[in-house]
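First comes the structure, then the notes that go with it.
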Amino acid sequence: MSGSILLLAAPEDGGAAAVARALSARGGHGGVLVLTPAELARARWSHRVTRAGVAATRITLPTGRVLDDRTVGAVLNRLPGTPPATRTADGPRAKDAQYAHSERQALVASWLLSLTPRVIGLVDAYGTAHGTVSPTTALVHAERCGLPVARRGGATRGGLVGPPDPGERHVPRLAWPGGPGSPVPVDVLSVAPAGYRDTLLVAGDRVIGPRAGEHGERCLRLADVLGTRHFELRFAPRATGAVVTDVRLCPRLDDPPHVEATAALLVAVADQPMRRTE
């Protein structure tokens, strides 16, 4: 293997922890390192971009360990975001603290984008793993690729739809502090019944799950549209058959075969020769 494998995830991310255990059990790799958002926020960064647009990054972690682009073989991005490096300031300094936080998020995003195609998962402008595709847009893409998709709806503001009915969830399209009745558009999406488990995982060129034979080719077409080869489809039963209720661009990884497939994909990416720009 040509480099270390980085898992970027929140401390409570059980999926990332399961992948780390699976990689450790495999052995024979250049090392596995799990990094939390807080550790990235406390690290010292050197990030330079040439006139040709080529980036070079050196990260000194709080432990003293140094990460260099040349030593990174693969990255699994599951970041929910990066927290402020210190407690948020009050008064006139609050604006400076917020600006520094925004710059740090942009720095993480630029670093991850510079590591493409070694990064598994999407990267948005804040460095998070959820991309810029809304849940409803992802379902629209899935339907256009021929997958059976649950009925969905929406409203121009959350206060117009009332509380969620059984079997549905409401997802605001913008983060807004006003709560459920806030004046932002909301998507009304179906959910699977409690305890119902029916999923497909796309991991590279593989589709894992009981419906892979039926929907595998459509899933790979959806992967090309979404721009990622690592995502999860969640199904729910309907009178006409199972339908997709959710496209998770950051999979839960709560199924052992999904964990193993993700670990295998990371190893395969890390084993590829690194592309270096002189």
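The values are calculated or read from the model by the stated rules, or taken from the named source; none is laboratory data. Here the structure is a predicted model, which means the values were calculated and not measured. For neighbour counting, all protein chains shown are included, and Cβ atoms are generated from backbone atoms with ideal geometry for every residue, glycine included. Accessible surface is based on the protein model in full, side chains and every heavy atom, while ligands, DNA and RNA are left aside. Shrake-Rupley method; radii C 1.70, N 1.55, O 1.52, S 1.80 Å.
Observations on the structure shown:
- Expressed in units of 2.2 N^0.38 Å, where N is the residue count, the Cα radius of gyration of segment 136-278 is 1.20.
- Solvent-accessible heavy-atom area per residue, rounded to whole Å², over the chain at 1.4 Å: 52 Å²
- Ranking Pro37, His130, Ile120 by Cα position along the charge dipole of the chain, where only Lys, Arg, Asp and Glu carry charges on their C-beta atoms, puts Pro37 farthest toward the positive end.
- Applying the Karplus relation 6.51 cos²θ - 1.76 cosθ + 1.60 with θ = phi - 60° to segment 248-257 yields 3J(HN,Hα) values of 8, 6, 10, x, 5, 6, 10, 10, x, x Hz, where x marks Gly and Pro.
- Simple point charges give the picture: +1 on the Cβ of Lys and Arg, -1 on the Cβ of Asp and Glu, and for the chain a dipole about the Cα centre of about 500 debye.
- Among 159-169, 246-256, the order from most to least packed when residues are scored by Cβ within 10 Å on average: 246-256, 159-169
- Modelled FRET efficiency - R0 41 Å, Asp205 with Ser102, Cβ distances, 0.05 increments: 0.65
- Across the accessible surface of the chain, with the other protein chains kept in place and a 1.4 Å probe, carbon and sulfur atoms take up 52 percent.
- Residues considered: Arg157, Arg65, Arg118. Largest GNM mean-square fluctuation over the chain, using C-alpha springs under 10 Å, is found at Arg65.
- Rh (Kirkwood; distinct C-alpha pairs) - the chain, Å: 20.3 Å
- Each eigenvalue of the Cα gyration tensor of segment 22-68, multiplied by 5 and square-rooted, gives one semi-axis; in descending order these are 25, 16, 9 Å.
- Annotation: for a label point projected 7 angstrom from Cα along Cα→Cβ of Leu220, residues of segment 129-148 with backbone N closer than 17 Å are 145-147.
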